[in-house]
Every structure is written in structure tokens, then in C-alpha cells.
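S.K.: Okay, here's the structure, questions in a sec.
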2 protein chains.
Amino acid sequence: MGINQKTLALGSKRSIIREIFEYSKTRASEIGAENVFDFSLGNPSVPAPAEVNDTIRQLLDSESSVLLHGYTSAQGDANVRGVIADSIKERFGVNITPNHIYMTCGAAASLSICLKAVIEEGMNDECIVFAPFFTEYRVFIENAGGKVVVSQPRKGDLQIDVADFESRINENTKAVIINSPNNPSGVVYGEETIAAVCEILKKKSEEYGRIIYLIADEPYRELVYTDVKVPYLMNYYKNTLVCYSYSKSLSLPGERIGYIAVCPEMEDAQEVYLSVCGAGRSLGYVCAPSLFQQVIARCQGAKVDIEIYRENRDLLYNALTEYGYECVKPDGAFYLFVKALEEDAYAFFEKAKAHEILVVPCDDFGVNGYVRIAYCVDKERVERALPAFKALSLEYKK
Amino acid sequence: MGINQKTLALGSKRSIIREIFEYSKTRASEIGAENVFDFSLGNPSVPAPAEVNDTIRQLLDSESSVLLHGYTSAQGDANVRGVIADSIKERFGVNITPNHIYMTCGAAASLSICLKAVIEEGMNDECIVFAPFFTEYRVFIENAGGKVVVSQPRKGDLQIDVADFESRINENTKAVIINSPNNPSGVVYGEETIAAVCEILKKKSEEYGRIIYLIADEPYRELVYTDVKVPYLMNYYKNTLVCYSYSKSLSLPGERIGYIAVCPEMEDAQEVYLSVCGAGRSLGYVCAPSLFQQVIARCQGAKVDIEIYRENRDLLYNALTEYGYECVKPDGAFYLFVKALEEDAYAFFEKAKAHEILVVPCDDFGVNGYVRIAYCVDKERVERALPAFKALSLEYKK
């Protein structure tokens, strides 16, 4: 056929989430949207804080169109990077400068760029991910020429299994991705776990005489419902790159705005930063969207109302466990990762569908036999869905 | 060092344009911005049409924040793609549908994605570009695993040298990029030339029994100052992908919004489209910025005021040729590609700098001995610069 078979396969691959999306629309037209209990999409249901649209209006009124909509430098507007560096310094005590910040088109871009910047193609580089993990990690790692190595979680609480992690490291390990709060489980990795992981990274880097980069993927950092601490990884391990996105924290997923922060204490930090710049260029990124660079710089203190998510979490978690479902109570993000009531998550998905419940069966997340429930929906949908979840569980008790 | 050496090299490479940018700022602080004749940047100087900011305000007032700033599907909002398909159909008579349109984060993304979608890594695929050419083509082609093959232009008018082009095609040729109006020369390739190029592509595809894809990079389509026709390549060759961006036509370069259009008559059009979707995914693109997708759909008829560019073009072209400079009168874009007054364009650049004139010496553009003058600046800057250009030319006549 004479085109790139890998990208053809990627574009053609049956996407369960897309199929559910289409089915959901069709079903809604048949029985009414209020009767379809769609929990498949991780699209924030809470509006952006009012500051966001207010800031856009102010910028349109006060700034020159040529500057506002013009190119910024490839790494992002210097003032915007300054605001972000100051915020990181203030919140986490890291002595970071604007020259360690690279603005991106969101978290997927941040990750793709970081992986491309550190992985050496053709050198058997491996990248460790912790199951359950966001399925696109595999795409980004493989595009950079790396191999995905999956570390299985502790049974029960889905925390990192530190011994399992240590056993996955070898002389080819180039990078490790930590995503906390986690998609799809909502789990926040505890400080002790993080400290243990970082100790192992230091020991193994020394043992193999090469740097292992830690990539912190943290778009859900601000979506936490308990007083659990979300450790800032630069404070535990110097060879850390933080990938951030405002998609969830400001409910702006479509606007594609985020950043990469290179730890100032990293060995050869300046060279890694330059490699990040080069990787962005090679992937076709020119600069992050200019209007939204200015918006996020002016909305650093703004917050979405996460009470709505918290209420949904509590409602769902309490009801589902009462009905006999097994799941870890999530500290953050907006997902419940629920054990299917039979071994085959896809069969369970089909039975749930018969009750008009749409959830994502997640074998691609690296753990078999679970489904993901995205509770970033109206509270009413949760309330109306509870009897269906109950009926579904009763079906398995017959 | 253990990181990606290619991206490190890309990020570290001395960028003449960046250096000029820094020098220009410093020099402006020394002698006043009005005395620095900076023609180095291709950043539109004409504001976006008023419809753009008006549309943003209307969208903020009327649309739900969750929908407006939310994810669209990966290929872009269906209605937005419909508007674009209708516009292409109406303007160029191509029977295209929304399912042939893929929204992107601007022209660089469009090109990177198309090249990645068609080039097969490790198969010695080659991509032909016509000198002078936009320097980033090399980065995108090489990132996709292809080899750059440069076709030299006709002397004098810098049009495509059809015989030279034909001689560059072989059994490894996978793609050809045509950029018209051209960056950096401003030349529009004539209809006869395009027809001849496309005939050769048909003949050679048949001869080698494989499709050669034509990639039309046309962000400057609307910036044309004469009645010259800019042929729509799908009407000449069915295996065409059009890469479009609103950066120049609506003066929105920082907002990163454009699209890829796959010719509906293409062999295996659907598979190529899927490969485009997969390539976008693998490069870390999730969707094009959502607010600006809606903006461009509502501003399809809007135009920037290109009279300002036309006046600059005429002023500069007339004066420079009078002073003895050699250059092709450009029909479009906002660049003059001027022969340096000595063989070494970099030496000429330095002499121009002594007259406070900043232009880009362009050996990387694939033709030696030229400089690019970007006339997307205030008319006043052009007027004030003319005596300096005159003095510079006189220096060479001594």
C-alpha cells in the first residue's frame, strides 16, 4: 500500500472509547439522553472558572491583536514562563527559572516531547509505566523509539509495588513515568512509596552508570478530595521532568495548553532543556497557543469547583461498594476503577450496557478485569444511574 | 550523555533568525527601535480582521464553557470540518466531505502529520522539495524517517525547473512538497508549471508502480497581489494532501490552527486519512485548539487587509531594483528574495547589519547567495530603511 503502516494501524485501531461515544449518541436519540448512563469520557463536566473567560475578554480589549495572536518564542512567552517558574518556586520550594520551562500544547504534547527528548532510538531504551496506566503512553513511548515495560501494582490498593518496580529496571531503562493522581484509578501514590521509588532510581542510576529520567505526568494534581499529599517529584529526585496541563485544573481540555518543567538540579539540565526544544520542533510544534499562554499566566490562582466531583465520587463509591462492587476509594482525579463482576471486563461491559450503563473496559490500561467509571458528569446522571448499578450487581448474585 | 542526540542537536543549533531577533532587541535599546530596520521575521504585521475578536466575544457570551473549551474529536469538530469542506467545494469545485478534513495545530503540524502518515521509516523513502524552501521541511521529513531531495529552481524567475524535478524522481520517491506562494521567494508557481509537474508525477507513479504523494503547503494562498492564479493542486493530481493554516490569512500565527485536506479522489483516500489520524496521535496531538476551531468556522469569509503588504512590496521592490539589487517580483506571501551583492550571503548580511538592516541570509533555504526580506512590517520601517539599502548598494559600487 506504500504508506506508514504503523500510523495506519494506529488510526484504524478499533477504539472502544470512540465506539462507546457513538453508541451513546445513538442510544440517547432512541431512549432520551437522561436514560443513558454514560461514564466513558474523561471530559471535565465543571465549567472553567469565571476568571478564564473574563481574562480572555480583558486581553481582547487591552492587547494588540498582532501581539496577542502572534507567535511567541518556541519555548513560550518569557513572562508567562516567569509566572509559572515563580508559582512552582512558591508552592514547592524548587529553585526553578523561566529557562527550565517549555510551554506545550497540553499533556499529550508534554509527554511526547519529553520522551522524544530523552529516548535514544535504536539503543533499546526502555520506559517503565505503572499499571493501571493511561493507554496513550504506549503510543508516545513507541513513537520515540522506546519499549514499554509495565510494572504491576500492589493487589488491593493499586499503589506502586516497589519490589516489582525494582525488578523491572535494567541497563536499558531510560525513563519512568509516574502519573498521580492516576488515570484510570484515581489513586494518589503516597509519599513513602514515592520516596522508595526515588531511592531505587538513585541506586540503579549509579549501578548502571546512566541517568534514569523520571517523568511526572500530573494533569490531575489539583483534583484531590482528601488531605493526602501529592509529592512534588523534583523534591525527591533531581533527574525529573514535570509534565503539566491545564486541561483538568482549569477545565480547558480542548485548548491544549500546558508545560514541561525541567528540574534545575538535573545533571546536564541545560542540555536536556535544549533537547526538549529540539524534540518539540521535530514533532511539528511551533509554540503553545498564544492567547491561552496569556490566559493561564493571569489565572494561576483560579480553581474549578471540585466539590461537584467530590460529591459524585462519594455518591458512587458509597453506593457501589454497598451493592458489592470492589474498588479503591480514589483520592483524586475523576475516575473510579472498578473490578468487573466477572473475569472478562468486556463481557461485564456488555451486561452493564444492557442496563444503559456505559463504562470503559480497561485491559489496555495494563490490568485485566476492571472497568473505568469517569464521574466527571452531572450529579443527576449519577443519581439516576444508581438503581441500574444495583440491578446489574443483583444479576450476578442470581 | 544518554539523551536523544538528534533532538539535542536540533535544539542547540545556532539559529540565525533567533540570533538576529536577539541582536535586534539589543540594538533597538541602543539606538531606538525606529532606527533598526529589522526585516527578519515572518510574523504578520497586519491585525486579525475585527470578525475574529468579535466572534470570540460572541462565543464566550453564547456557548457553554464546557463545550467551548472541551475536547473535540481528534479529527476536529464535525461542524467545523463541514464548513471547511463546503468552502473548498465552493471555491475549487472539489467534491470533498468533512471526513477528508483533519483539523491541526497549524501548518507545521499539518506537514509533520502528513509526512509521518505517508513515509515508511526504514524504506529509503525520499521527499522532493523545491528550492528555495522553508528550512523546517528538512526537520519534518527527517523526523518521519525520510530523506530530503532538493530540486533546484530555474535561474532568473525561481520557478520550478521541470526537467530538474523529473531527474530527481526515482523508485524511492514517496512525496513532493509544493509551497506556493513560496516562502522565502514570494513566487507563485504558474498553472503551466503545475500542470507539467503533475503530468510527470502521474507518469512516474505509473512507471514505478507506486503512488507519489503531492503535499500542497499553502498558508500564503490568500496573500496574492496580482491577478495570477494559484492552482488548487487537487484539481491537477488526485494523490494530493493540502496543508492549510490560518496563521497568515487571518493573522493568527500564535493560535496554531489549520487543517489537512485529503483529496477525495485519492487512491485509498480513506486509508490515508486514517494514517493521518494515527500520525497525529503518535506525534502527541489530541485535537486542534477548540475555541479557535469555532472561530475559523465562523470567519471563513474574513480577510486581513493585504493592501498594507502590497504597498510594502511595491515600495521595496521598486526601490531595491532601482538601487541595483536583483530579485524576482513576488506575486504573493510577504517576502522578497534578494540576491546578495557578493557571493557570500553571510558576508553581505554583516555589511547590511552595519547599515542597521537586518535580513536573513538563506543558504539553508537551498539556494546560496540570497537573503530573505520579510516585509510584513510597518510601512514607516520600509520608508526609513530605503536610504540604508541605497547606501549599502553604493558601498559595493565603490
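The values are calculated or read from the model by the stated rules, or taken from the named source; none is laboratory data. Because the structure is predicted, anything quoted here is derived from the model rather than measured. Neighbour counts are summed over all protein chains in view; Cβ atoms, including those assigned to glycine, are modelled from backbone coordinates with ideal geometry. Heads up: the accessible areas ignore ligands, DNA and RNA and are worked out on the full protein's heavy atoms, side chains in. Shrake-Rupley method; radii C 1.70, N 1.55, O 1.52, S 1.80 Å.
S.K.: When the Karplus curve 6.51 cos²θ - 1.76 cosθ + 1.60 is applied with θ = phi - 60°, which whole-Hz ³J(HN,Hα) does each residue of region A:387-392 get, with x for Gly and Pro?
M.R.: Rounded to whole hertz, the list is x, 5, 4, 5, 4, 4.
S.K.: What accessible surface, in Å², does a 1.4 Å probe find on B:Cys277, ignoring ligands, DNA and RNA and rounding to the nearest 10?
M.R.: 30 Å²
S.K.: Something else now. What are the distances, in nm and sorted shortest first, from the label point of A:Glu121 to the label points of the same position in each other copy, with each label point placed 7 Å from Cα along the Cα-to-Cβ direction?
M.R.: Result for A:Glu121, in nm, nearest copy first: 0.5.
S.K.: Gap in Å between the Cα centre of region A:139-179 and the Cα centre of region B:335-357?
M.R.: So the separation of the two Cα centres works out to 54 Å.
S.K.: Per-residue ellipticity at 222 nm for chain A, helices alone: DSSP H runs ≥ 4 residues times -39500 (n - 2.57), over residue total, nearest 500 deg cm²/dmol?
M.R.: Working: 14 runs with 169 residues, N = 398.
Counting only the DSSP helices, I get -13000 deg cm²/dmol.
S.K.: Please report the carbon-and-sulfur percent of the accessible area for region A:307-346; probe 1.4 Å, protein heavy atoms only, DNA, RNA and ligands left out. Show your work: numbers first, answer last.
M.R.: Details: 690 of 1660 Å².
The nonpolar share, carbon plus sulfur, comes to 42 percent.
S.K.: With the full set of protein chains in place, find how many percent of the accessible area of region A:1-110 is carbon and sulfur; take the probe as 1.4 Å. Show your work: numbers first, answer last.
M.R.: Working: 2610 of 5010 Å².
Answer for region A:1-110: carbon and sulfur cover 52 percent of the accessible area.
S.K.: Expressed as a whole number of Å, what is the distance separating the alpha-carbon centroids of region A:105-133 and region A:1-53?
M.R.: Between the Cα centre of region A:1-53 and that of region A:105-133, the gap is 24 Å.
S.K.: Would you mind telling me the antiparallel percentage of the DSSP bridges in chain B, rounded to 5? Write out the running numbers ahead of the final one.
M.R.: Numbers: 19 of 39 bridges.
The answer is about 50 percent antiparallel.
S.K.: Which whole-number percent gives the relative contact order of region B:269-398, counting Cα pairs below 8 Å spaced six or more residues apart?
M.R.: Numbers: 127 pairs, mean separation 29.6, N = 130.
Computed value for region B:269-398: 23 percent relative contact order.
S.K.: Loop-only trypsin sites (Lys or Arg not before Pro) in region A:11-46, please: DSSP not H, G, I, E or B, and at most 11 other Cβ atoms within 10 Å. If you can, show how the numbers build up before the last one.
M.R.: On the way: sites: A:Lys13, A:Arg14, A:Arg18, A:Lys25, A:Arg27; in loops: A:Lys13, A:Arg14.
Of the trypsin sites (Lys or Arg not before Pro), the ones in loops of region A:11-46 whose Cβ has at most 11 other Cβ atoms within 10 Å are A:Arg14.
S.K.: For B:291-299, what's the mean count of beta carbons from other chains sitting within 10 Å of each residue's beta carbon?
M.R.: Values: counts 7, 7, 1, 1, 0, 0, 0, 0, 0.
Mean partner-chain Cβ count within 10 Å for B:291-299: 2.
S.K.: Something else: Average projected area of the Cα convex hull of the protein assembly as shown, in nm²? Walk me through the intermediate numbers first.
M.R.: Numbers: hull surface 134.1 nm².
Taking a quarter of the hull surface, the average projection is 33.5 nm².
S.K.: Using a simple charge model, +1 on the beta-carbon of Lys and Arg, -1 on the beta-carbon of Asp and Glu, nothing else, what dipole does the protein assembly as shown show about its Cα centre, in debye to the nearest 20?
M.R.: Working: 84 positive and 110 negative charges, 35 e Å.
That gives a dipole near 160 debye.
S.K.: If you take the beta carbon distance between A:Thr226 and A:Glu322 as r and set R0 to 22 Å, what does 1/(1 + (r/R0)^6) give as a FRET efficiency, to the nearest 0.05? Intermediate values should be presented prior to the final figure.
M.R.: On the way: r = 20 Å, r/R0 = 0.91.
Given R0 = 22 Å and the Cβ-Cβ separation, E is 0.65.
S.K.: What number comes out for accessible area per residue over chain B if the probe is 1.4 Å? Units Å², please.
M.R.: Values: 14670 Å² over 398 residues.
Per residue, chain B has 37 Å² of solvent-accessible surface.
S.K.: Give a quick list of GluC sites (Glu not before Pro) in region A:149-220 that DSSP marks as loop, anything other than H, G, I, E or B, with at most 12 other Cβ atoms within 10 Å.
M.R.: On the way: sites: A:Glu166, A:Glu171, A:Glu191, A:Glu192, A:Glu199, A:Glu206, A:Glu207; in loops: A:Glu171.
Taking region A:149-220 and a limit of 12 other Cβ atoms within 10 Å, the loop GluC sites (Glu not before Pro) found are A:Glu171.
S.K.: At A:Tyr396, label 7 Å along Cα→Cβ: distances to the other copies, nm, ascending?
M.R.: For A:Tyr396, the inter-copy label distances come out at 8.0 nm.
S.K.: Go ahead and run the numbers for FRET between A:Gln58 and A:Lys398, Cβ-Cβ distance against an R0 of 45 Å, rounding to 0.05. Present the calculation step by step, with values, prior to reporting the outcome.
M.R.: On the way: r = 60 Å, r/R0 = 1.34.
It comes to 0.15.
S.K.: If I take every Cα pair under 8 Å that is 6 or more residues apart in chain B, average their sequence separation and divide by the length, what percent do I get for the relative contact order?
M.R.: Details: 739 pairs, mean separation 90.7, N = 398.
Reported relative contact order: 23 percent.
S.K.: Can you give the FRET efficiency to the nearest 0.05 for B:Glu90 and B:Glu265, using r as the Cβ-Cβ distance and R₀ = 25 Å? Let's see the in-between values first.
M.R.: Values: r = 18 Å, r/R0 = 0.70.
The computed FRET efficiency comes out at 0.90.
S.K.: What residues have an amide H closer than 5 Å to that of B:Ser180, excluding those fewer than 5 places away on the same chain, when H is modeled at 1.01 Å from N in the peptide plane?
M.R.: Amide H neighbours of B:Ser180, under 5 Å, 5+ apart: B:Asp217.
S.K.: Rounded to whole Hz and in sequence order, give me ³J(HN,Hα) for region A:262-270 from the Karplus expression 6.51 cos²θ - 1.76 cosθ + 1.60, θ = phi - 60°, writing x for Gly and Pro.
M.R.: 9, 4, x, 7, 4, 5, 6, 3, 5
S.K.: I need to check one value: relative contact order of region A:1-101, counting alpha carbon pairs closer than 8 Å and at least 6 residues apart, in percent.
M.R.: Details: 35 pairs, mean separation 13.5, N = 101.
Across region A:1-101, relative contact order equals 13 percent.
S.K.: What does DSSP give for the protein assembly as shown in terms of the percent of beta bridges that are antiparallel, rounded to the nearest 5?
M.R.: Numbers: 38 of 78 bridges.
Once the DSSP bridges in the protein assembly as shown are tallied, antiparallel ones form about 50 percent.
S.K.: What quantity of accessible surface, computed with a 1.4 Å probe and excluding non-protein components, is buried in total between chains B and A, in Å² to the nearest 100?
M.R.: Details: alone 17610 and 17580 Å², together 29340 Å².
By this definition, chains B and A bury close to 5900 Å².
S.K.: Here's a follow-up. Across bins of 10 angstrom width beginning at 0, how are the C-alpha pair distances of region A:1-44 distributed, in whole percent?
M.R.: Whole-percent P(r) values from 0 Å outward: 24, 36, 22, 14, 3.
S.K.: Calculate how many DSSP beta bridges within region B:96-255 are antiparallel, expressed in % of all such bridges and rounded to the nearest 5. Could the numbers behind the result be given before it?
M.R.: Numbers: 1 of 19 bridges.
Antiparallel bridges make up about 5 percent of those DSSP assigns within region B:96-255.
S.K.: Note the distances from B:Ala347 to each other copy's matching label point, with points 7 Å along the Cα-to-beta-carbon direction, in nm, sorted shortest first.
M.R.: 8.1
S.K.: Could you name every residue in region B:12-55 that has 40 Å² or more less accessible surface in the full protein assembly than in its own chain alone (probe 1.4 Å, ligands and nucleic acids excluded)?
M.R.: B:Asn43, B:Asn53
S.K.: What distance in nm separates the simple spin-label points at A:Lys390 and B:Ala388, each placed 7 Å from Cα in the Cβ direction?
M.R.: 7.9 nm
S.K.: Same structure, new question: Where in region B:324-380 are there trypsin sites (Lys or Arg not before Pro) that are in a DSSP coil and have at most 12 other Cβ atoms within 10 angstrom of their Cβ?
M.R.: Sparse-neighbourhood loop trypsin sites (Lys or Arg not before Pro): none present.
S.K.: Once both labels are modelled 7 Å past Cα along the beta-carbon direction, what's the B:Lys202-B:Asn79 spacing in nm?
M.R.: With each label point 7 Å from Cα toward Cβ, the separation is 4.1 nm.
S.K.: Holding the Cα-Cα limit at 26 Å, pick out from B:Lys13/B:Lys379; B:Lys116/B:Lys248; B:Lys351/B:Lys379; A:Lys13/A:Lys174 the pairs that are longer than that. Don't jump to the answer; show the numbers that get you there.
M.R.: Values: B:Lys13/B:Lys379 33 Å; B:Lys116/B:Lys248 24 Å; B:Lys351/B:Lys379 23 Å; A:Lys13/A:Lys174 28 Å.
Cα-Cα > 26 Å for B:Lys13/B:Lys379; A:Lys13/A:Lys174; rest within.
S.K.: At 7 Å along Cα-to-Cβ for each site, give me the label-to-label distance between B:Glu121 and B:Lys303 in nm.
M.R.: For B:Glu121 paired with B:Lys303, the spin-label model returns 4.4 nm.
S.K.: Let me ask you something else. Using 0.36 nm per residue, how much length does the chain from B:Asn35 to B:Thr97 gain when fully extended, once their Cα-Cα distance is taken away? Present the calculation step by step, with values, prior to reporting the outcome.
M.R.: Working: separation 62, 0.36 × 62 = 22.32 nm, distance 5.11 nm.
Gain on stretching B:Asn35 to B:Thr97: 17.2 nm.
S.K.: Here's a follow-up. If I fit a long axis through the Cα atoms of helix A:191-208 and take the longest principal axis of the Cα atoms of chain A, what angle between them do I get, 0 to 90°, rounded to 10?
M.R.: Tilt relative to chain A: about 50 degrees.
S.K.: Which whole-Hz ³J(HN,Hα) couplings does region B:20-32 yield from phi under the Karplus relation 6.51 cos²θ - 1.76 cosθ + 1.60, θ = phi - 60°, glycine and proline marked x?
M.R.: Here the 3J(HN,Hα) series is 4, 4, 5, 4, 4, 5, 4, 5, 4, 6, 7, 10, x Hz.
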